[in-house]
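Step one of this worksheet: look at the structure below.
The values are calculated or read from the model by the stated rules, or taken from the named source; none is laboratory data. Everything numeric here is computed off the predicted structure, so don't read it as measured data. Neighbour counts are summed over all protein chains in view; Cβ atoms, including those assigned to glycine, are modelled from backbone coordinates with ideal geometry. To get the accessible areas, we keep the full protein, side chains included, count just its heavy atoms, and leave off ligands, DNA and RNA. Shrake-Rupley method; radii C 1.70, N 1.55, O 1.52, S 1.80 Å.
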Amino acid sequence: MPKLIKNGRVIDDAAEILVLDEVQGPEALNLPDGPVFVPLAVWQAHKGALSGRAGLGVWLDSSESVDDLEGDLDSIGAIALNFPKFTDGRAYSSAALLRSRYAYTGEIRAIGDVLRDQFFFMQRCGFDAIQPKAGKYSDAQLEEALASLKDFSTPYQAAIDQPEPLFRRAQRAA
Amino acid sequence: MYRYDPYDQKIVDERVAQFRDQTRRYLAGELTDDEFRPLRLQNGLYIQRHAPMLRVAVPYGLLSSTQVRKLAHIARTHDKGYAHITTRQNVQFNWPELKVVPEILAELAQVQMHAIQTSGACIRNITSDPFAGVAGDEYIDPRPWCEVLRQWSTFHPEFAFLPRKFKIAVNGADQDRAVIQCHDIGLELKRNAAGEIGFRVLVGGGMGRTPIIGEEINDFVPWQHIITYNEAILRVYNRYGRRDNLYKARIKILVKALGVAEFKRQVEEEWAFGKDGANTLTEAEVARVAAHFTTPAYEALPGEDAGYASQRAANTAFAAWTRRNVLAHKVPGYAIVVLSLKNPATAPGDITAEQLDLVAEWADAYSFGEVRATHEQNLVLADVKQADLFALWEKARATGLATPTFGLLTDIICCPGGDFCALANAKSIPIANAIQARFDDLDYLYDIGDIELNISGCMNSCGHHHVGHIGILGVDKNGEEWYQVSLGGAQGNHTSIGKVIGRSFAAAEMPDVISKIIDVYRAQRQDGERFIDTVRRTGLDPFKLGVYGEAAIIERKQHA
């Protein structure tokens, strides 16, 4: 079973990330049983039919805006944000916006070109699930990669994981 | 200057450990070249023509003598005995081996230094006025604000993978000495009518392929909000800046595409959410940081030291040096000294390990143990007693650091160019040295007066050629190195982008071309006006005529 990092631990995960065409009707979607992530466009086209389905997630590409999910967030259990390339940093802002402006409390999952050297930044921006591509890391390597979540123990700025900046958290001597 | 507390030190130490592990995984084949590239770049490590090049951060140009000694040690131990001062006030080493870079970073961390975010598509080293705290025209010291922003921008998790690099500069004086109009964000410290401190905010300036002068999007952001305001700008840029084309990915392209009014609207809409949030600065934090930039223990001295006056009268070489390289200080009896790195025998901005050690010694003896690096690639001792100037000059002269040409034609800003840089289209150092060799007569240089000649080896404009009064750009024509000349660029309060005068030149022609340009200026100048004023008054035509000759101009017009 594929693995992912959830809340700082490696777990098994069965969710499928579906690449679908929104023009297909919901009946034609033929969604597999169990947890799935459907593309934003499919969600938007078939909200009514998909709403409330157990294990339903929506995934967004880096060019897609989380603002388009405003109003839907209560019906979506998990959101995956795709990194088409790990150097495309838009999903960091998307995750931060979901957690802060939209107060989203469901899972936010990093998918796509997800590498351990960015885990720390992802976690800080509100990703609680991190899913490197299948085969990118062996199980042992993924366990080892957990260390990257702890690259820095006391960051300066406020972010999602630490909503106060260092200058408010700590008494720093002049 | 700012000294690390245990929090700052821990972050830098953890960075060393992180990069050590990343380098180990790269060398073990666990990280691909593509995966390692941004990681090493965000540590200032380029793969260059000869070896990796390591760019060490010098936050807003400030160095302690201890740090300078460490740089000397690194130059001696891990490099070929010299270092290079960059146009972002940083220090570069051209010859370190990849596998020893973690060791170099560990050594730097011992003296509160690092290479964090000196390259890559992230917020770069924040630059500022090299005369901060000592210039007479300063109204607000920019250094504490630079440090506050440095900490905020260090490993900012949301902005580590921006569309492109992002540069911020801060100035707090009458004269802009930080090129704030040519930065992604330019900040000008000011006071409002009530006397409160805030920032005028410019965005979308930059050099590079498409030089653009920044535009104001807010005339006064109160100091408490400067972090949240910057975050709003960065978030709009991170979300909407172009990522499909490297050449159109800087924030200036986004600002131009949206128009500054729409860009401002988006920023302020975003800011409404972050404003007054946790990142709002506190008086306690600003006071804590500002306490590191206290006034040194100046002595009460007469405004004019009698010995200094007689030394100048007795020694013309000393007098010449003081005329150019010694600047007025806000405290009576003190002076700002520019240690020139423009000795014609060396590459502009280069300094040897031995010289670095000596500079550290002079800093301790004469300038409260501090040194500054300038974006014009010189070093500054900012707090020297007039009574010490002669002794300092003798020592500097003995080691080639007293070239008396600050602000003159041969005080050239020059990138490392094709001799070192893998990005360059053409070499730049030999052009600089050839021009310096042509103009080796000091009296003639003094007659030409204030002028800025900047050379970049490629469109990336590290040598700031767009804002040189004379700008030289290395271009590639069918695999050959050619040089394009522009005139009329300027930095400072009246920033302007130079205009290309015509067809480009071979390297060997360049000293003649500069001679012809200077001849035109000397023939055209009125009432002692500076070179840039003449260019602005006459336009380019007389210069084109002087450089290309009448026949060439006529031919060009016929073909137009």
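Need the failing condition index for B:Arg76 against (1) in the same structural domain as B:Pro52 (by TED's automatic domain parsing); (2) open to solvent by less than 20 Å² (accessible area, probe 1.4 Å), just the number.
(2) is the only condition that B:Arg76 fails.
Which one of B:Leu202, B:Leu162, B:Leu187, B:Leu149 is touching a strand residue (DSSP E or B) at 6+ places or on another chain (Cβ under 7 Å), within 11 Å of another protein chain (Cβ to nearest Cβ) and open to solvent by less than 40 Å² (accessible area, probe 1.4 Å)?
B:Leu149
Tell me, please, whether a residue that is more than 28 Å from B:His469 (Cα to Cα), in contact with a Lys or Arg (Cβ under 9 Å, 6 or more places away or on another chain) and hydroxyl-bearing (Ser, Thr, Tyr) can be found in region B:132-153.
Looking through region B:132-153, at least one residue is more than 28 Å from B:His469 (Cα to Cα), in contact with a Lys or Arg (Cβ under 9 Å, 6 or more places away or on another chain) and hydroxyl-bearing (Ser, Thr, Tyr).
One line per residue, one yes/no per condition, for (1) within 11 Å of chain A (Cβ to nearest Cβ); (2) in a helix (DSSP H, G or I):
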{"site": "B:Tyr247", "(1), (2)": "no, yes"}
{"site": "B:Leu254", "(1), (2)": "no, yes"}
{"site": "B:Phe263", "(1), (2)": "no, yes"}
{"site": "B:Glu268", "(1), (2)": "no, yes"}
{"site": "B:Ala272", "(1), (2)": "yes, yes"}
{"site": "B:Thr280", "(1), (2)": "yes, no"}
{"site": "B:Glu285", "(1), (2)": "yes, yes"}
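Kindly state which helices (runs of 4 or more DSSP H) lie completely within region A:100-174 and contain at least 1 residues that are crowded, with 20+ Cβ neighbours inside 10 Å, within 17 Å of the chain's Cα centre (by Cα) and at the interface with chain B (Cβ under 8 Å from one of its Cβ atoms).
Passing ranges, in order: A:119-124.
Could you tell me which residue of region B:487-505 is farthest from B:Asp137 (Cα to Cα), considering only residues that are out of contact with any helix residue (DSSP H, G or I) (no Cβ under 7 Å at 6 or more places or on another chain) and open to solvent by less than 30 Å² (accessible area, probe 1.4 Å)? Walk me through it before giving the result.
At the first step, the residues of region B:487-505 found to be out of contact with any helix residue (DSSP H, G or I) (no Cβ under 7 Å at 6 or more places or on another chain) are B:492-494, B:496, B:499-500, B:503-504.
Right, trim to open to solvent by less than 30 Å² (accessible area, probe 1.4 Å) and you get B:492, B:496, B:504.
Working: B:Gly492: 14, B:Ser496: 22, B:Ser504: 40 Å.
Per the stated criteria, the residue is B:Ser504.
Anything in region B:246-288 that is open to solvent by 20 Å² or more (accessible area, probe 1.4 Å) and of a type in the set (Lys, Arg)? List them, or say none.
B:Lys248, B:Arg250, B:Lys256, B:Lys264, B:Arg265, B:Lys275, listed by residue number.
Conditions tested, residue by residue: (1) on the phi < 0 side of the Ramachandran plot; (2) more than 10 Å from chain A (Cβ to nearest Cβ); (3) surrounded by 16 or more Cβ atoms within 10 Å (Cβ to Cβ).
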site	(1), (2), (3)
B:Lys10	yes, no, no
B:Asp33	yes, yes, no
B:Arg37	yes, no, yes
B:Arg40	yes, yes, yes
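Residues to consider are B:Val91, B:Val56, B:Val68, B:Val101; find the one that is over 23 Å from the mean Cα position of the chain (by Cα) and buried (at least 21 other Cβ atoms within 10 Å of the Cβ).
B:Val101
For region A:78-89, indicate whether the set of residues that are among the hydroxyl-bearing types (Ser, Thr, Tyr), more than 12 Å from chain B (Cβ to nearest Cβ), within 29 Å of A:Val19 (Cα to Cα) and buried (at least 17 other Cβ atoms within 10 Å of the Cβ) is non-empty.
Step one: of region A:78-89, the residues among the hydroxyl-bearing types (Ser, Thr, Tyr) are A:87.
From what's left, more than 12 Å from chain B (Cβ to nearest Cβ): none.
No.
Just need a number here: residues in region B:165-184 that are within 14 Å of chain A (Cβ to nearest Cβ) and open to solvent by less than 10 Å² (accessible area, probe 1.4 Å).
Result for region B:165-184: 1.
Report whether or not B:Leu187 is in contact with a Leu (Cβ under 8 Å, 6 or more places away or on another chain), in a loop (DSSP other than H, G, I, E, B) and either at pLDDT below 95 or not hydroxyl-bearing (Ser, Thr, Tyr) (or both).
In short, no.
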